[in-house]
Amino acid sequence: MNWKKEIRSWALMIGVFALLYFTGLMTPIMGGLQSLVLSTGWIKPSVGNSGKENTDFDFSGQFVDEHGDRVGLSQLKGQTLFINLWATWCPPCRAEMPHIEQLYQKLGDRENISFLMIALDDDFGKSTKFVQDKGFSFPVVHAAYGLNPSLHSQAIPTTLVVSPEGKIVFYQEGMSNFDTKEFREFLTGL
């Protein structure tokens, strides 16, 4: 008798996950739950421990912005760069976006700090629609021409900070709440 109950329980769980997956609701629901976790402050960026710090950043490469214009990394030399690699199908990427938007609202108007949110979706229109629908104001570009070696990563989201001197001073694979006092001070102190 108990094994029948067990099979029904497993079938129900599998059915719920299948429904969420095939309706496309899994990504936004998981992203929303992960964003709630980020809001608690438990997952914060840790500056200075990735092993990639103080390596030279490769400024070769171009991207396409939402207007179809090319954006070259070489145009951004001499600034502090906050770079995030993301995709709409990635729940952790979606989870950290509201926190990156809050960071951008606080620091995005500074002349010496540039934000580069690099969308990795095949369809850039999907990326820009997602950003518009969420009301995010940070600039989004598409990796239409590929990624240079400095931006290759094993996972997304991946976030880098490049100093005005062209050194990678922060590198993290995985989600984080970047809108913390410590991280803002780190960015403005470069």
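When Ile118 is tested against (1) modelled with pLDDT of 95 or more; (2) in a helix (DSSP H, G or I); (3) crowded, with 21+ Cβ neighbours inside 10 Å, just one condition goes unmet, and that condition is (2). Quick one: Leu147 ticks every box in (1) over 13 Å from Thr80 (Cα atoms); (2) modelled with pLDDT of 95 or more; (3) surrounded by 13 or more Cβ atoms within 10 Å (Cβ to Cβ) except a single one, so which number is it? In the conditions (1) over 13 Å from Thr80 (Cα atoms); (2) modelled with pLDDT of 95 or more; (3) surrounded by 13 or more Cβ atoms within 10 Å (Cβ to Cβ), Leu147 misses (2) alone.
Per-residue answers, yes or no, for (1) surrounded by fewer than 16 Cβ atoms within 10 Å (Cβ to Cβ); (2) in contact with a Ser or Thr (Cβ under 9 Å, 6 or more places away or on another chain); (3) among the aliphatic types (A, V, I, L, M):
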residue	(1), (2), (3)
Arg110	yes, yes, no
Gly125	yes, no, no
Gln132	yes, no, no
Pro157	no, yes, no
Ser176	no, yes, no
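Could you please let me know if Leu120 is aliphatic (A, V, I, L, M) and either free of Cβ contacts under 8 Å to residues at least 60 places away in the same chain or in contact with a His (Cβ under 9 Å, 6 or more places away or on another chain) (or both)? For Leu120, the condition - aliphatic (A, V, I, L, M) and either free of Cβ contacts under 8 Å to residues at least 60 places away in the same chain or in contact with a His (Cβ under 9 Å, 6 or more places away or on another chain) (or both) - is met. For segment 121-152, the tally of residues that are among the charged types (D, E, K, R) and either assigned to a loop (DSSP other than H, G, I, E, B) or within 28 Å of Val169 (Cβ to Cβ) (or both) stands at 3. Number of residues in segment 89-115 that are among the aromatic types (Phe, Trp, Tyr), assigned to a helix (DSSP H, G or I) and either under 10 Å from the mean Cα position of the chain (by Cα) or closer than 17 Å to Gly174 by Cβ (or both): the value is 0.
What about Ala155, is it closer than 16 Å to Cys90 by Cβ and in a loop (DSSP other than H, G, I, E, B)? Break it down into steps so the answer makes sense when it comes.
Values: closer than 16 Å to Cys90 by Cβ: yes; in a loop (DSSP other than H, G, I, E, B): yes.
For Ala155, the condition - closer than 16 Å to Cys90 by Cβ and in a loop (DSSP other than H, G, I, E, B) - is met.
State the number of residues belonging to segment 135-144 that are surrounded by fewer than 14 Cβ atoms within 10 Å (Cβ to Cβ) and modelled with pLDDT under 95.
1
For segment 158-172, filtered to residues that are within 12 Å of Glu96 (Cβ to Cβ) and out of contact with any Leu (no Cβ under 6 Å at 6 or more places or on another chain), the residue that is modelled with the highest pLDDT is Thr159. In segment 98-108, the residue that is nearest to Ala144 (Cα to Cα) out of those that are out of contact with any Ser or Thr (no Cβ under 8 Å at 6 or more places or on another chain) and crowded, with 20+ Cβ neighbours inside 10 Å is Ile100. Taking the condition over 26 Å from Val169 (Cα atoms) and modelled with pLDDT of 80 or more, does Glu66 pass? Answer is yes for this residue. Of the residues making up segment 129-156, those that are of a type in the set (D, E, K, R) and within 14 Å of the chain's Cα centre (by Cα) number 0.
The values are calculated or read from the model by the stated rules, or taken from the named source; none is laboratory data. Everything numeric in this text was worked out from a predicted model, so none of it was measured. Virtual Cβ from ideal backbone geometry, glycine too; neighbours counted across all protein chains shown.
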